[in-house]
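Working notes, beginning with the structure itself.
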Amino acid sequence: MSEIRTLEQKLIFKRIANDTLNLQINDNEMLMSIVGQFDQNLKSLSKLTGTNLYFRGNSITCKGGKENIEMFSQAIKFLVNKYFLTKIIEKEDILLSVKKNMELENSNVKTFKQLIKTPRKTVIARSEKQSDYIKALKESDIVMSLGPAGTGKSFLAVSVGVTMLMDKKIDRVILSRPAVEAGEKLGFLPGDMKEKVDPYLRPLYDALYELFGADKIDKKIESGEIEIAPLAFMRGRTLKNCFAILDEAQNATETQIKMFLTRIGENSKLVVNGDPSQVDLINKSQSGLIKSKNILKEIKEIKTIEFDHNDVVRHPLVSKIIRAYQKKSTDDQN
């Protein structure tokens, strides 16, 4: 972290007036990454911080109220740290840089401490719980994560699992989900078993391709190092030297989740992901995700992470949509 602080010190902040701050960045590539194509990042940052930003040469001038200027200053420091570690600033980083101002003082340190380095990009935690989740994925043998869409449950699990595979810490990554039990009859779909299950595992494939590239991933699938396995096919197996992910676990029964977890063998990690608010089973009461979490809560070796709308890292509207549905559910219960 000392290198990050050194880089921060190279930023030149100069107060011109009570309502004006000038920032100079001497690294042109970093400056252009912060500004963004057609100044889009700067425009977003201006809107989010409630400031007026002007870009010229290697400097950015910020005008606004005292608190707004401070928010801009802290956001810039976050973005510089992100660029230093990953050499890239993405659209979602702009929103995250402002969001961090509203969180704990040590949140930046915790965020950058949990990194996942893949061939195509370096993944960082985008919330406190994501940081805890990455730490759990690396350190715990069994991890359960519950929460709404867009909180990074599957993406981060895939990132850690395949990175371990590339580093030869494990022999296989297994991707599984209870597609049949969600009401989709695989037998009526064309193709072999992989082709039948692929549509249901599309989000995991998207993460694999984004982080590691299609060619590399396809070769791993062909060699069996990355395996696609419907949950029903896991029965009777012992999983050794592998990283297995059960996705969409809200559509698995208590018995099925128990079956999956008891497959764990030597040098293996199991991850159970699900969104309790999106149960596709005809009889929703059969969902075993919440039940399993409660049954296993006293086992300290099993780490459980529960995300909420504050951890959503997709489009900002996703968080608002989730809150709206949660409010309706609460109103209906009352």
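Bear in mind these aren't lab numbers, they're just calculated from the coordinates by the rules spelled out. Since this is a predicted model, take the numbers as computed values, not measurements. Heads up, the Cβs are rebuilt from the backbone with ideal geometry, glycines too, and the neighbour counts pull from every protein chain shown.
General remarks:
- Ranked list, fewest to most other Cβ atoms within 10 Å of each Cβ, for 162, 98: 98, 162
- FRET E, pair residue 310, residue 58, Förster distance 51 Å, beta-carbon r, rounded to 0.05: 0.90
- Annotation: extensible slack from residue 26 through residue 222 equals 65.9 nm (criterion: 0.36 nm per residue apart, minus Cα-Cα distance).
- Over 32 Å between alpha carbons, listed pairs 14/153; 168/258; 219/284; 87/138; 87/258; 99/121: 14/153; 219/284; 87/258
- Neighbour counting of Cβ atoms within 10 Å sorts the residues 151, 238, 163, fewest neighbours leading, into 238, 163, 151.
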